[in-house]
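Colleague: Sharing a structure here in structure tokens format.
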Amino acid sequence: MIYLDNAATTRVKEEVMEAMMPYFCEKFYNPSSVYGPSRNITKEIQEARKKIANSIGADENEIYFTSGGSESDNWAIKGIALSQQNKGKHIITSKIEHHAVLETCKELEKQGYEITYINVNEEGIINLEELEQSIKEDTILVSIMTANNEIGVIEPIKEIGNICHKHNVLFHTDAVQAYGNIEINVEEMNIDLLSTSAHKIHGPKGIGFLYIKKGIKIDSLINGGNQEKGKRAGTTNSALIMGFAKAVELKIKNMKTNNEYILNLRNHLIKRITKEIPYVKINGSMEQRLPGNINISFRFIEGEGMLLKLDMAGICASSGSACTSGSLDPSHVLLAIGLPHEIAHGSLRISINEENTIEEIDYTVDELKKIINELRMLSPLYEDFIKKEGKINV
Ligand SMILES: *Cc1c(COP(=O)(O)O)cnc(C)c1O
């Protein structure tokens, strides 16, 4: 089995598993209790929180553990929408956000909020002028992702934050894909709220954090006990927090070496595909991009068929995001960068990480070549095209 879908989720590392294990059977105590064993765990959680805060240049009091990326996005947007409703009900986001942001905004629209969805260019990058022009008197929040989950494009976060602060508007960023893969510093990048998730960086599923800059007023979505400084109730999840902290430690420590390795694999993959398979297009900026992401459109190909054949060859990849696969709608991200429906449909996302090898990449290209060829042979559109072009193809 070759796993090339690391943007959907990642394998939990053995060290991460080891870091979590003691907190299930031995150190199972509720960290909020008053006795010794609980107090010890509280200390360990504090250390973990500090380590995680350091990874983005934040203070430990600004890190709020949640159940993951989706909850963090929901909390940031709904929480600010509620706490700032006296100032206004206008929120700005982009057309290429993750569904956790887009669906949250849609929900707020139903409740009387106004949402502006700004465009990206054909490279997938936010139009900063359009962003600034969209800010109004009653704008309370801008939510733009740090890096996109389908095309890997990295947005100009620092500049976006700058524009927001110039106009006295809060800035939230979904950094789930970016966190651990590129350097993030919330101070330098003018970020007020930032979402992450552990399972995208070899941590466990079901935990993430929302960074909330000191002094920002935000409503809670989960009420109950006094955990997370009274802002997010629920018994502190010691095991998952310790696993998350270990995953962060490994990811940050190895970021540079891993990224060099991953880039090498990616360049090899792109070089072979563009050389050996005709009528392909790489989607999204090649300069402002996460190292592990590749998104390619194959003309005259239907994405689901391609994925099924890849699956039969033992290769796990994706056609868009895990959330859109299974539906017949083409990806909203690929449409936003201007791809026509039929091209967007024939797209493949490969997301590599440091556990992949060059042999896996070579095998994948070999199989992909065969698959694309087979599928095109069955395509009447391809037949017409070849006749018109008068070409004979591989
Ligand atoms: C995976 C992902 C999410 C959702 O995170 P979960 O922890 O799975 O809820 C949100 N945003 C982006 C960009 C993602 O890639």
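The values are calculated or read from the model by the stated rules, or taken from the named source; none is laboratory data. These numbers come from a predicted model, not from an experiment. In this analysis, Cβ positions are derived from the backbone assuming ideal geometry, glycine residues included, and neighbour counts consider all displayed protein chains. Accessible surface is based on the protein model in full, side chains and every heavy atom, while ligands, DNA and RNA are left aside. Shrake-Rupley method; radii C 1.70, N 1.55, O 1.52, S 1.80 Å.
Colleague: Just need a number here: residues in the range 355-394 that are buried (at least 19 other Cβ atoms within 10 Å of the Cβ) and within 23 Å of the chain's Cα centre (by Cα).
Modeller: Counting residues in the range 355-394 that are buried (at least 19 other Cβ atoms within 10 Å of the Cβ) and within 23 Å of the chain's Cα centre (by Cα) gives 2.
Colleague: Turning to a different aspect of this structure: Could you grab me the full set of residues in the range 30-46 that are part of a helix (DSSP H, G or I) and closer than 15 Å to M20 by Cβ? Show your work before the answer.
Modeller: Within the range 30-46, the first condition is being part of a helix (DSSP H, G or I), and the residues that meet it are 36-46.
Scanning the range 30-46 gives I41, E44, I45.
Colleague: Let me ask another. Inspect the range 123-136 for any residue being open to solvent by less than 10 Å² (accessible area, probe 1.4 Å), more than 16 Å from the ligand (Cβ to nearest atom) and more than 27 Å from S55 (Cα to Cα) and give the result as yes or no.
Modeller: yes
Colleague: Among the listed residues N54, N40, identify the single one that is under 30 Å from E355 (Cα atoms) and either at pLDDT 95 or above or touching a Leu at 6+ places or on another chain (Cβ under 9 Å) (or both).
Modeller: Working: N40 fails: under 30 Å from E355 (Cα atoms).
Answer to the selection: N54.
Colleague: Looking for whichever is free of Cβ contacts under 8 Å to residues at least 60 places away in the same chain, more than 11 Å from the ligand (Cβ to nearest atom), open to solvent by 10 Å² or more (accessible area, probe 1.4 Å) and more than 18 Å from Y117 (Cα to Cα) here; the options are N168, N185. Which one fits? Talk me through it step by step, then tell me what you get.
Modeller: Values: N185 fails: free of Cβ contacts under 8 Å to residues at least 60 places away in the same chain.
From the options N168, N185, the qualifying one is N168.
Colleague: How about the range 103-112: which of its residues are open to solvent by 20 Å² or more (accessible area, probe 1.4 Å) and either part of a loop (DSSP other than H, G, I, E, B) or closer than 23 Å to S331 by Cβ (or both)? Explain how you work it out, then say what you get.
Modeller: Quick first cut of the range 103-112, residues open to solvent by 20 Å² or more (accessible area, probe 1.4 Å) only: 103, 106-107, 109-112.
Of everything in the range 103-112, those that are open to solvent by 20 Å² or more (accessible area, probe 1.4 Å) and either part of a loop (DSSP other than H, G, I, E, B) or closer than 23 Å to S331 by Cβ (or both) turn out to be E103, K106, E107, E109, Q111, G112.
Colleague: Kindly provide the set of residues from the range 228-237 that are farther than 28 Å from A8 by Cβ and either within 16 Å of the ligand (Cβ to nearest atom) or in a loop (DSSP other than H, G, I, E, B) (or both), ordered by number. Break it down stepwise before answering.
Modeller: Going residue by residue through the range 228-237, those that are farther than 28 Å from A8 by Cβ are 229-231, 233, 235.
Those that are farther than 28 Å from A8 by Cβ and either within 16 Å of the ligand (Cβ to nearest atom) or in a loop (DSSP other than H, G, I, E, B) (or both): K231, A233, T235.
Colleague: For the range 196-219, give me each residue that is away from the ligand (no atom under 13 Å from the Cβ) and of a type outside the set (D, E, K, R).
Modeller: Narrowing the range 196-219 to residues away from the ligand (no atom under 13 Å from the Cβ): 202, 211-219.
H202, Y211, I212, G215, I216, I218 - these are the residues of the range 196-219 that are away from the ligand (no atom under 13 Å from the Cβ) and of a type outside the set (D, E, K, R).
Colleague: Which ones in the range 57-90 are open to solvent by less than 30 Å² (accessible area, probe 1.4 Å), within 16 Å of the ligand (Cβ to nearest atom) and not in a helix (DSSP H, G or I)?
Modeller: I63, Y64, F65, T66, G68 - these are the residues of the range 57-90 that are open to solvent by less than 30 Å² (accessible area, probe 1.4 Å), within 16 Å of the ligand (Cβ to nearest atom) and not in a helix (DSSP H, G or I).
Colleague: Which numbered condition trips up E150, out of (1) more than 19 Å from K217 (Cα to Cα); (2) away from the ligand (no atom under 16 Å from the Cβ)?
Modeller: (2)
Conditions (1) more than 19 Å from K369 (Cβ to Cβ); (2) among the β-branched types (V, I, T); (3) open to solvent by 40 Å² or more (accessible area, probe 1.4 Å), marked per residue:
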site: I262; (1), (2), (3): yes, yes, no
site: E276; (1), (2), (3): no, no, yes
site: K281; (1), (2), (3): no, no, yes
site: I296; (1), (2), (3): no, yes, no
site: R299; (1), (2), (3): no, no, yes
site: E302; (1), (2), (3): no, no, yes
site: M312; (1), (2), (3): no, no, yes
site: C316; (1), (2), (3): no, no, no
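Colleague: Now for a different question. Quick check on T196: is it farther than 30 Å from T257 by Cα, touching a residue at least 24 places away in the same chain (Cβ under 8 Å) and of a type outside the set (A, V, I, L, M, F, W, C)?
Modeller: Details: farther than 30 Å from T257 by Cα: no; touching a residue at least 24 places away in the same chain (Cβ under 8 Å): yes; of a type outside the set (A, V, I, L, M, F, W, C): yes.
Answer is no for this residue.
Colleague: Only residues that are within 11 Å of A313 (Cβ to Cβ), of a type outside the set (F, W, Y) and in contact with a strand residue (DSSP E or B) (Cβ under 9 Å, 6 or more places away or on another chain): list them for the range 349-373, please.
Modeller: Selection gives T364, E367, L368.
Colleague: Open to solvent by less than 40 Å² (accessible area, probe 1.4 Å), in contact (Cβ under 8 Å) with a residue 40 or more places away in the chain and within 16 Å of the ligand (Cβ to nearest atom) - does that describe any residue in the range 23-33?
Modeller: Here is the first cut: in the range 23-33, the residues open to solvent by less than 40 Å² (accessible area, probe 1.4 Å) are 23, 31, 33.
Filter once more, so that each one left must be in contact (Cβ under 8 Å) with a residue 40 or more places away in the chain: 23, 31.
Right, trim to within 16 Å of the ligand (Cβ to nearest atom) and you get none.
No, that holds for no residue.
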